[in-house]
Amino acid sequence: MAADTDSLPPTVPTAKFIKNVEDYLAGRTPEAAIQALDANYRNYRLIERNLLQSKARQMGKLPEIQKAEEAVGLLMRKRDEAQELLVDFAISDQAYAKAKIPVTDSVNLWLGANVMLEYPLEEAKSLLAQNIHNCKENLKQNQQDLELVKDSITTVEVSIARIYNHDVSQRRSKKA
């Protein structure tokens with residue numbers, strides 16, 4: 001794990017390594033302990049799947065936000081040059097149309113959830129830059145959480161194996 005991961009509070013609980021199997025099994029059967037660890041294992045796998053889906057969504061959003069920021073930057077440059085902007089835009093997958101965008105001081109941004117707002121160009125650029133920063137930070141946190149979950153999955157797998165092996169050795173020693 002990276003060194004900077006330790007400086008942030010974890011958003012995912014970590015699995016505890018079982019140092020002494022006999023102490024861990026005190027007062028419970030190996031089967032019950034394995035069942036509890038298996039439930040933790042399934043939970044970690046679910047968390048991992050959710051984090052991977054979240055990462056994919058964020059990775060999809062980032063290029064869109066960056067394109068929008070570039071478009072606002074282009075509108076700002078054309079405004080400063082007092083030039084109309086001639087663009088080709090997609091009507092459908094294979095059909096495009098030409099359009100002239102007059103010099104403007106504002107732009108409409110789609111915020112999602114059926115919400116679109118008009119912003120001054122500078123404010124829109126600032127908002128999009130903040131969204132890019134937030135998206136990158138979310139991806140960074142997501143990656144740290146994924147590393148933590150993968151470590152926890154490994155720890156739980158090792159714990160299950162150690163309890164199982166301990167149980168097998170106990171049964172063998174009782175037979176002998």
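Before moving on, here are some points about what is shown:
- Residue match in region 120-131 (condition: in a strand (DSSP E or B) and either farther than 15 Å from residue 72 by Cβ or within 28 Å of the chain's Cα centre (by Cα) (or both)): no
- The set of residues in region 114-144 that are closer than 13 Å to residue 59 by Cα and open to solvent by less than 40 Å² (accessible area, probe 1.4 Å) comprises 132, 135, 139, 142.
- In region 81-113, the residues that are touching a strand residue (DSSP E or B) at 6+ places or on another chain (Cβ under 9 Å), open to solvent by 90 Å² or more (accessible area, probe 1.4 Å) and part of a loop (DSSP other than H, G, I, E, B): 84, 91, 105
- Options 127, 117, 85, 121: the member that is in contact with a Lys or Arg (Cβ under 6 Å, 6 or more places away or on another chain) and either of a type in the set (A, V, I, L, M, F, W, C) or free of Cβ contacts under 8 Å to residues at least 12 places away in the same chain (or both): 85
- Taking the listed residues 95, 99, the one that is touching a residue at least 12 places away in the same chain (Cβ under 8 Å), farther than 23 Å from residue 57 by Cα and of a type in the set (A, V, I, L, M, F, W, C) is 99, with no other qualifying.
- Pairs linking a residue in region 148-163 that is under 23 Å from residue 51 (Cα atoms) to a residue that is among the basic types (Lys, Arg) and surrounded by fewer than 17 Cβ atoms within 10 Å (Cβ to Cβ), with Cβ atoms under 8 Å and 6 or more positions apart or on different chains, are 153/45; 155/16.
- In this entry, residue 146 is excluded by the filter for residues that are farther than 24 Å from residue 36 by Cα and assigned to a helix (DSSP H, G or I).
The values are calculated or read from the model by the stated rules, or taken from the named source; none is laboratory data. Computed from a prediction, not measured in an experiment: that's the story for all the values here. In this analysis, Cβ positions are derived from the backbone assuming ideal geometry, glycine residues included, and neighbour counts consider all displayed protein chains. Areas reflect the complete protein model, heavy atoms only, side chains present, ligands, DNA and RNA absent. Shrake-Rupley method; radii C 1.70, N 1.55, O 1.52, S 1.80 Å.
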